[in-house]
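Here's the structure, in structure tokens; my notes come after.
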Amino acid sequence: MSRILRAPIFPLAGAILFPRSQLPLHIFEPRYREMVRDAIDGAGQIGMIQPLRLDDDNQAPLYGVGCVGEIVGIEELDDGRFNIVLLGTNRFRFIRDVETEAAYRCAELDITAFDDSDPPPLSLAERAEVEREARRLGDAMGLAVDWDAVARLDDEMLVNAIAQVAPFDVGAKQALLEQPTLPERADLLVQLMQFQRAAVNGGVEVEPTIQ
């Protein structure tokens, strides 16, 4: 049986939130300041979802899947802006917009559309492949990464953290969000990292330098 949540939604291209992952956001637009204040006064939840186009008229069509974020950290600045941290609780399917008097969008969300219980771990081979491709992409892009800290992340946190910060386009990030299982997300993530590395290298695959 589906369960419908009515909540404010934040259509933000490139911002992907996963269950049990955190997403820091700087809130500066007046309508989204209002959204944060209302969320704090209410259930403390915001639906993160990506728009299908980048116009900002509060009417852009949306992707069908997003993730509910619970506000777990908040700092209000002197000028009314906010720094917030969202903790992903569960993915949802967008049902419809809801008419309100607010300046931001609200919607009905099906929050039982996905099984977002704790996933089983990746196999040793799957985990090694994710770490290997992450290191290769980081080296190709000249990034300074604490790989020892990366190795200490659990499988879900590793995959989701890379998916959130990697320079993939909106469609690729959405595809990662919609993968039904962690192994499927990890497999797609590896493919995207390989593609991105090839693009960084001018379309030519090169073997990484052995450290």
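Need one number: convex hull volume per residue for the chain, Cα atoms only, in Å³.
On the way: hull volume 29.9 nm³, N = 211.
So the per-residue hull volume is 141 Å³.
Can you compute 3J(HN,Hα) from phi for each residue in the range 34-41, using the Karplus curve 6.51 cos²θ - 1.76 cosθ + 1.60 with θ = phi - 60°, rounded to whole Hz and x for Gly and Pro?
4, 4, 5, 4, 5, 5, 4, 6
Contour minus end-to-end for S123 and E76, with contour as 0.36 nm per residue of separation and end-to-end as the Cα-Cα distance? Walk me through the numbers before you get to the answer.
Numbers: separation 47, 0.36 × 47 = 16.92 nm, distance 4.26 nm.
Net length gain for the segment: 12.7 nm.
Would you mind checking the tilt of helix 155-165 against the longest principal axis of the Cα atoms of the chain, expressed as 0 to 90 degrees and rounded to 10?
Taking Cα atoms only, the helix is inclined about 70 degrees.
Distance from a point 7 Å along Cα→Cβ of E99 to each backbone N in the range 1-35: keep the residues under 19 Å and list them by number.
Counting backbone N atoms under 19 Å from the label point, the list is 6-9.
Rounded to the nearest 10 degrees, what's the angle between the helix 124-141 long axis and the longest principal axis of the chain, both from Cα atoms, 0 to 90?
Roughly 90 degrees, rounded to the nearest 10.
Where only protein heavy atoms count, and the probe is 1.4 Å, what is the accessible area per residue for the chain in Å²?
On the way: 11130 Å² over 211 residues.
Per-residue value: 53 Å².
Keeping the other protein chains in place, figure out the carbon and sulfur percent of the accessible area of the chain, with a 1.4 Å probe. Numbers along the way, then the final one.
Working: 5810 of 11130 Å².
Exposed carbon and sulfur together represent 52 percent of the surface.
The values are calculated or read from the model by the stated rules, or taken from the named source; none is laboratory data. Quick caveat: nothing in here was measured; it's all calculated off a predicted structure. Note: ideal-geometry Cβ built from the backbone for every residue, glycine included; neighbour counts use all protein chains shown. Accessible surface areas use protein heavy atoms only, side chains included; no ligands, DNA or RNA. Shrake-Rupley method; radii C 1.70, N 1.55, O 1.52, S 1.80 Å.
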